[in-house]
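Peer 1: This is the structure I have questions about; it appears just below.
The values are calculated or read from the model by the stated rules, or taken from the named source; none is laboratory data. Because the structure is predicted, anything quoted here is derived from the model rather than measured. Here the Cβ is made from the backbone with ideal geometry for all residues, glycine too, and neighbour counts use every protein chain on show. What goes into the accessible areas is simple: the full protein's heavy atoms, side chains included, and nothing from ligands, DNA or RNA. Shrake-Rupley method; radii C 1.70, N 1.55, O 1.52, S 1.80 Å.
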Amino acid sequence: MSTNVETTDVLVIGLGAMGAATTLHLARAGVRVIGIDQFAPPHAMGSTHGETRITRQAIGEGEQFVPLALRSHQLWREIEAETGAQLFNACGGLIMTRGEQMSRLHDQQDFLGNTIRAAERFGIAHQKWRATDIADHYPQFVLHGDEIAYFEPGAGYVAPEACVNAQLKLATRHGATLRLNEKVIAISHHRDHTEVTTDRARYHTDTTIIAAGAWTSQLVPALASTLTVRRQVLHWFQLDGSVSYAPQDMPIFITQWGDAEDAVFYGFPQTANNNVIKVATEQRLADTTADTVDRNTSLAESAAMHARHVAGRLRGVTARAVKSVACLYTNAPNANFIIDRLPDAPNTIVIAACSGHGFKHSAAIGEAVAQMITQRDKPAVLHPFPWPKTSLHAD
């Protein structure tokens, strides 16, 4: 490791969804910024992979997220125009449950109702459907007749790897420096600066931004008791061709098919000419860490996913698993975010806990965090995401 100390205005640790967006907006603002990642993003070691991520405008996790989602949709289109990359497909989105059953997701007990209320408050185009409406529009779903649903034409999916890649390319075009395959070893906080030591160099920075995903607690020990990391598995199943799952014929969907908390799964239309669709659920029982997680997946896991969630609920989706991958969700209480300065070291900003639904907001979060630095004040859009009261000290 070099004994020379490199100086910069801002150092961003972690170049996944949040870090890539923040680095881009800082560079656009003319800030000297260095972005560091222990891998070479986009990569499959954390949370920012898997080919697709759902994006919605009305957010059932809470109305505080809606402005971030709306702004992110605008930013994806701007980045597409600037780079020529294809990032966002507004194929529509369907959220449904059965009759009077609870609609549970991300610590919410009325996810469907929350979504509808958010759409009404923010004037987001949507429709409320019954089972006959769902069947008329999307015969892919096997229905019982008591389903109720929210349909949002502006929802869809974004491509996480492509989004990160496009933002990092733009960031370097605007002057950012990227240091890939470089691991942070230590962070020391001082009154007016931060010193960051990696396995290759030392940095003296006016502001440090920690956007390390599942590795956050290693760099910010004060959050160790607040954040939980869970392994999730994404599955791709072969279609039999009996019904179309092309984006023009199929939306992204989230369906609560039973009253149990885990009786929910989500999925995507076919995204390539490969006769395959991706589906997943969210396990909330077993915690792990970024270093100890089992990154291997098994055919047994895919078989269990198909048997419990897919069989008898989606037409034309066979039990043949084409592939599966593991990813990490880093969760904060109530599926909220933590985007704030360290209480004991205000020149360090933490962007933590996507809580399983962060990618759709990441473009706007990066813009807002950059504004925290350039405008020396926390934008109102980030006020709902303070440092948790249970973690009173930085470390």
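Peer 1: Highest mean first, how do 241-247, 255-261 rank when packing is the count of other Cβ atoms within 10 Å averaged over residues?
Peer 2: Most protected by this proxy first, the peptides run 255-261, 241-247.
Peer 1: Please get the size of the charge dipole for the range 33-131, origin at its Cα centre, with Cβ charges of +1 on Lys and Arg and -1 on Asp and Glu, quoted in debye to the nearest 20.
Peer 2: The calculated dipole for the range 33-131 is roughly 420 debye.
Peer 1: Largest first, how would GLU152, GLU78 line up by accessible area (1.4 Å probe)?
Peer 2: GLU78, GLU152
Peer 1: Which of rounded, prolate or oblate describes the range 139-291 when judged by the alpha-carbon gyration tensor and an a/c cut-off of 1.5?
Peer 2: Prolate, because a/c is 1.5 or more and a/b exceeds b/c.
Peer 1: Further, regarding this structure: Could you state the angle between the C-alpha long axis of helix 66-83 and the longest principal axis of the C-alpha atoms of the chain, as a value from 0 to 90 degrees rounded to the nearest 10?
Peer 2: Compared with the principal axis, the helix lies near 80 degrees.
Peer 1: Here's another thing I want to ask about it. Please build a GNM for the chain, connecting alpha carbons under 10 Å apart, and tell me which residue among ARG28, ARG376, ARG130 fluctuates the most.
Peer 2: ARG376
Peer 1: Would you mind getting the accessible area per residue of the chain, heavy atoms of the protein chains only, 1.4 Å probe, in Å²?
Peer 2: Here the residues of the chain average 40 Å² of exposed surface.
Peer 1: For the range 156-213, state which trypsin sites (Lys or Arg not before Pro) are in a DSSP loop and have at most 11 other beta carbons lying within 10 Å of their beta carbon.
Peer 2: Here the trypsin sites (Lys or Arg not before Pro) that fit, given the DSSP loop and packing criteria, are ARG191.
Peer 1: I'd like the FRET efficiency for ARG117 and THR177, computed as 1/(1 + (r/R0)^6) with the beta carbon distance as r and R0 of 51 Å, rounded to 0.05.
Peer 2: Efficiency, rounded to the nearest 0.05: 0.70.
Peer 1: Quantify, in whole percent, the carbon and sulfur part of the accessible surface of the range 67-171 (1.4 Å probe; protein heavy atoms only).
Peer 2: Ligands and nucleic acids excluded, carbon and sulfur give 48 percent.
Peer 1: If you don't mind, there's one more thing I want to ask. Which of the chymotrypsin sites (Phe, Trp or Tyr not before Pro) found in the range 80-151 are loop residues per DSSP with 15 or fewer other Cβ atoms within 10 Å of their Cβ?
Peer 2: Answer in residue order: no site qualifies.
Peer 1: Looking at the square roots a ≥ b ≥ c of the eigenvalues of the Cα gyration tensor of the range 100-159, which shape do they give, rounded for a/c under 1.5, prolate if a/b is larger than b/c, or oblate?
Peer 2: oblate
Peer 1: When all protein chains stay in place, what accessible area (Å², nearest 10, 1.4 Å probe) is found for HIS49?
Peer 2: Its heavy atoms expose roughly 10 Å² to the probe.
Peer 1: Hey, got the Cα dimensions of the range 54-152 along the principal axes, in Å, largest first?
Peer 2: Sorted largest first, the three principal extents are 46, 30, 22 Å.
Peer 1: Can you tell me the 0 to 90 degree angle between the C-alpha axis of helix 111-122 and the longest principal axis of the chain, rounded to 10?
Peer 2: The angle comes out at about 70 degrees.
Peer 1: Also, I was wondering about something else. So for the chain, taking the charge dipole from beta-carbon charges (+1 Lys/Arg, -1 Asp/Glu), which of SER103, PRO346, TYR150 sits furthest toward the positive end?
Peer 2: Going by the charge dipole, the pick is PRO346.
Peer 1: I've got another one for you. Taking the Cα atoms only, what angle lies between the long axis of helix 17-28 and the longest principal axis of the chain, rounded to 10 degrees?
Peer 2: 50
Peer 1: Ok, one more. Within the range 206-227, which residues have the backbone N less than 11 Å from the label spot 7 Å out from HIS190 along Cα→beta-carbon, could you tell me?
Peer 2: 206
Peer 1: Is the range 177-231 rounded, prolate or oblate when judged by the Cα gyration tensor, a ≥ b ≥ c being the square roots of its eigenvalues, rounded requiring a/c under 1.5 and prolate requiring a/b larger than b/c?
Peer 2: Oblate, since a/c reaches 1.5 and b/c is not below a/b.
Peer 1: Another question, then. Can you list the equivalent-ellipsoid semi-axes of the range 233-361, largest first and in whole Å, using the square root of 5 times each Cα gyration tensor eigenvalue?
Peer 2: For the range 233-361, the semi-axes come out at 32, 17, 14 Å.
Peer 1: Run the helix sum for the chain: -39,500 (n - 2.57) per DSSP H stretch of 4+ residues, divided by residue count, reported at 222 nm to the nearest 500 deg cm²/dmol.
Peer 2: Helices in the chain give a 222 nm mean residue ellipticity of -6500 deg cm²/dmol.
Peer 1: Where is the GNM fluctuation largest for the chain (alpha-carbon springs, 10 angstrom cutoff): ASP107, ASP136, ASP206?
Peer 2: In the Gaussian network model the winner is ASP136.
Peer 1: If I build a Gaussian network model for the chain, linking alpha-carbon pairs within less than 10 angstrom, which residue out of ILE373, ILE339, ILE34 has the largest mean-square fluctuation?
Peer 2: Of ILE373, ILE339, ILE34, the Gaussian network model singles out ILE373 as fluctuating most.
Peer 1: Here's a follow-up. Calculate the tail of P(r) for the chain: the fraction of all Cα-Cα distances greater than 29 Å, expressed in %.
Peer 2: It works out to 42 percent of all Cα pairs.
Peer 1: Can you tally the net charge around GLN238? Count Lys and Arg as +1, Asp and Glu as -1, for every other residue whose Cβ sits under 14 Å from the Cβ of GLN238. Please list the in-between numbers first.
Peer 2: On the way: positive: LYS278, ARG315, ARG320, LYS323; negative: ASP240.
Cβ neighbours under 14 Å give a net charge of +3.
Peer 1: When only alpha-carbon atoms are used, what values of Rg and Dmax, in angstrom, describe the range 1-120?
Peer 2: 18.6, 65
Peer 1: How about LYS128: which lysines have a C-alpha closer than 29 Å to its C-alpha, ignoring those fewer than 8 places off in the same chain?
Peer 2: LYS278, LYS360
Peer 1: Quick check: at a probe of 1.4 Å, how many percent of the accessible area of the range 261-328 sits on carbon and sulfur atoms? Before the final figure, lay out the partial values.
Peer 2: Working: 1750 of 3330 Å².
Taking all protein chains in place, the range 261-328 shows 53 percent carbon and sulfur surface.
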